Amino acid sequence: MTAASAPVRTRSLQPRRRPGLAAARLARLELRHNAMLWMLPVTIGLFWFISYRKIMAAPPLWYVRASAFQTYVVVGFIVPVVGAAAWMGSREARRHVADLITTSARPRWARLLVTWAATTTWALVGYLICLAVVYGVTAHQASWGGPLWWPAAVVAASLLAYSAIGFAAGTLLPHRLTAPVVAIVSFFAVVLSTELITGSQSYWQISPVVSGPWDAGQDPGIATFYPYVPDLSIAQVMLLGGLAVIALAALSLPASGRRVRAGAAIVAAAGMVAVATAVRLAGTGTLDSHGQIAIPALHDAATDRPIRFTPVCTRTAIPVCLNPAFAVYKPAVAAALAPVLSEIAGLPGAPVRIGQVAAAYKQGPHNSVGVGPAGLPVSGGEYHILLPDQIPNPPLTVQELAGQVRSSTGSQIIATFLDLGRGSSPAQQAVAAAMAAEARVSVPSMLAIASPPVPRGSSCVSRTAPCAVIMPPRLSTAAEKASRRFAALPSVTQHAWLVRHLSDLRAGRITLAQLP
Amino acid sequence: MNVQICKLTRRFGRALAVTGVDLQVDIGVFGLLGPNGAGKTSLLRMMATAVPPTSGTLRLLGRDPGVQRQRREIRRRLGYLPQHPGYYPGFTVTEFVEYFALLKEMPAARVPGAVATAVKRVGLADSSHARLRTLSGGMLRRAAIAQAIVNEPELLLLDEPTAGLDPEQRATFRALLRELGERATVIVSTHLVEDVGAACNKVALMDRGRIVFHGTPDDLSTRGAGNVIGDSPLERGYSAALAEARS
């Protein structure tokens, strides 16, 4: 074909054209006839069946719920969204309308973008419904804090990327099997993307499934004691945005003019730069002391400052004070600690109050992470405790949490009170065991603190390497006998003896024979 | 001239579908006749800007379809009905026609009226809200014709438009063709000579990628004088012209 002469001027449709209105009408048609619309009930149903109940089983803490939501939705939405997008992308070829559509005036990329946008809109509508329910219920249940939007933004960006990748695959490889194949491959790619994470400094934590330190899990202290650090989320949004842009740029590859292809190449190059930068940034991330991934290039130092809060306290002889975000646990924690606190109340060196503190994290070798209370165990007469929920664990019910508080936190309080530790005397251990037994605290866990193979107040968390095995310690026969003898005394007698001899007992100057 | 073709050739791999075709067509209904595999569809697809020619010159509505901006202008003024148009089964007739009106970049405000008119012209007004999956083959064909004429094209290309239509619908469609041919260039590719006889002012006969006859339907009928193959003068002319070309 040649341009031998200038075009003949025929009646022009240009002046009357309103591209916005036409695009809106086209979008309305695409929205009405979109596979994602039909997948929406399935997607929301799957979310409710697989994810919703698990998310809601977690404590009503914003970070815990938001990060679980991110992980579950990123995994749960991938198959329907990628599948529907690929199905829509391959529609023209499957329905044999390619000739009809090719000869229409609207550019291919503009036409395809409208179809993609409609698919993505429905995916986002489904997502927003799920988000509204989870955040709405959490807002109703949570006693403190507010919604976290960065995890929500990562999910939204994931859906954009899923939709773009699926749509591009369907458009470029149109076949009936493209949709299921791409959906399944994408699912496994996302699910398996976390398998190579080792430690906090891993490129693989860029995976949108990762909502925090993958080895340590979700720390309820985030957004309660310390602000949420969005560094990793920013890198993830950058990656997903880059992937979406690359996939959409690929739509203009076949049957487009040189200019369009050049423009698409520039857009795709920008997307690749975003992806490479995001992955590189994720590789520089480190586990900070508050249990979050900090990326130096993106980090805002303001997020390192603790959040100011007024603790909620019990009105008991020794008040138990918790972060207001954990207020829901106050009655259970107070009831669990009551037997221990009633034993030591009024004694010299007894705590002025029990205060919940943030967890401190330290990356160990390989995938191990050390977690313990931040700061000193005791300061100004206040005993510092961590709730079991603050140590990476599977989510606990309130009853389970109370049981763990009684055994582990109760043990900690007695141990701190009697200055129990490495090198403590048999008499200290005997009295500690007697007090633990009376307070219904597990004696072996109590004694584990006296002969710890790991530092006091730490727990070893590892998904790949086993932690050191702790054999339950045992009292010597003589100490056990003395412990039973001490426990058999009336509490008034015990109390009076402790008032007189506590400082000597703590200093290790009391022998087993001197115990009453 | 709305269509100017000079030495147009199209090759698909080793196969030569269209070989050095010269053709000029202006306003009116133009019939493109020929046996299966003659190259009619390939020629029509090049005129529809669906595929570019391998060589030769093609100008449509005074523009060069090889230049992107001019191609877009051509497509705004083009109506095309492929041999196998395909459809979206979930769309209603109105939605299907509206969809293509919007793809043809018709002014949005004009679209609803134009869609209603096109649907009415093909006799589908009563089924305008029926989903395409519920329509018969003939009704689907008419819906496809409606999308081709919705933008009041200056160049209308129809590939086997009457396939699947019943006799009454074919008669109505021929009347529509004559009406459209008063203002636009309508090129109808068919192997049904009665369609050509009833609606076309000019006709070309293609065989093995070449145009072997170009004239009026009456000219073609005259060619058939004395030929025994065919039931009508036009069919006899068709057979005679083909036989002459192949001899």
Cα-projected label distance for A:Leu196 with A:Val267, points at 7 Å along beta-carbon direction, nm:
2.9 nm
Here the net charge surrounding A:Pro296, from other residues whose Cβ is less than 13 Å away from its Cβ (Lys, Arg +1; Asp, Glu -1), is -3
Please compute the net charge surrounding B:Asn36, taking Lys and Arg as +1 and Asp and Glu as -1 over other residues with Cβ under 14 Å from its Cβ.
-1
Translational diffusion coefficient (Stokes-Einstein; Kirkwood radius from C-alpha pairs) of segment B:113-211 at 25 °C, 0.890 mPa s, in µm²/s
173 µm²/s
Whole-Hz couplings from phi, Karplus 6.51/-1.76/1.60, listed for segment A:233-246; x for Gly and Pro:
4, 4, 5, 5, 4, 4, 4, 5, x, x, 5, 4, 5, 4
If B:Asp166, B:Asp159 are placed from fewest to most neighbouring beta carbons inside 10 Å, the sequence is B:Asp166, B:Asp159
Hey, any idea what the orientation-averaged projected area of the convex hull of the protein assembly as shown's Cα atoms comes to, in nm²?
41.3 nm²
For B:Lys7, go through the aspartates and glutamates and keep the ones whose alpha-carbon is under 13 Å away, minus same-chain ones fewer than eight residues off.
B:Asp22
Check the straight Cα-Cα distances from B:Lys104 and name the lysines below 25 Å, setting aside those fewer than 8 residues away within the same chain.
B:Lys40, B:Lys120
Computed, not fitted: 222 nm per-residue ellipticity of the protein assembly as shown from DSSP H runs ≥ 4 (each -39500 (n - 2.57)), nearest 500, equal to -15000 deg cm²/dmol
When you look at the Cβ of every residue in B:67-76, what mean number of other chain Cβ atoms sits within 10 Å?
5
Percent antiparallel among DSSP beta bridges with both residues in chain B, to the nearest 5?
50 percent
quick note, the protein assembly as shown, DSSP beta bridge pairs, % antiparallel (nearest 5) is 55 percent
For chain A, take the longest principal axis of its alpha carbons; what is the angle in degrees between that and the long axis of helix A:19-32, to the nearest 10 within 0 to 90?
60 degrees
Projected onto the charge dipole of the protein assembly as shown (+1 at Lys/Arg Cβ, -1 at Asp/Glu Cβ, origin at the Cα centre), which of A:Gln429, B:Val122, A:Gly372 gives the Cα projection farthest towards the positive end?
B:Val122
Given springs between every Cα pair under 10 Å in a Gaussian network model of chain B, which of B:Ile27, B:Ile149, B:Ile229 has the largest fluctuation?
B:Ile229
Kirkwood Rh and Cα-based Rg: tell me the resulting Rg over Rh for segment A:122-262, rounded to two decimals.
1.04
Rounded to the nearest 20 debye, dipole of chain A from Cβ charges on Lys, Arg, Asp, Glu
1940 debye
Net charge near A:Pro324, counting Lys/Arg +1 and Asp/Glu -1 over other residues with Cβ under 12 Å of its Cβ?
+2
If you count, for every residue in B:83-90, the Cβ atoms of partner chains within 10 Å of its Cβ, what is the mean?
5
Taking the Cα centroid of segment A:30-81 and of segment B:108-162, what is the distance between the two, rounded to the nearest whole Å?
41 Å
Arranged by the count of other C-beta atoms within 10 angstrom, fewest first, what order do A:Leu347, B:Leu158 take?
A:Leu347, B:Leu158
Can you spot the lysines whose alpha carbon is less than 24 Å from A:Lys54's alpha carbon? Ignore those fewer than 8 places along the same chain.
A:Lys330
At q = 0.19 Å⁻¹, what is the base-10 log of I(q)/I(0) for segment B:84-152 according to the Debye formula with one equal point scatterer per Cα and no solvent? Please give it to two decimals.
-0.61
Neighbour-count order for A:Trp497, A:Trp62, fewest beta carbons within 10 angstrom listed first:
A:Trp497, A:Trp62
Other protein chain Cβ atoms within 10 Å, averaged over every residue that makes up B:43-53:
2
Give the angle, between 0 and 90 degrees and rounded to the nearest 10, that separates the Cα long axis of helix B:167-180 from the longest principal axis of the Cα atoms of chain B.
90 degrees
Taking the Cα atoms only, what angle lies between the long axis of helix A:491-507 and the longest principal axis of chain A, rounded to 10 degrees?
80 degrees
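Coordinate-derived values only; no laboratory data. From a predicted model like this one, the values you see are computed outputs, not experimental measurements. Virtual Cβ from ideal backbone geometry, glycine too; neighbours counted across all protein chains shown.
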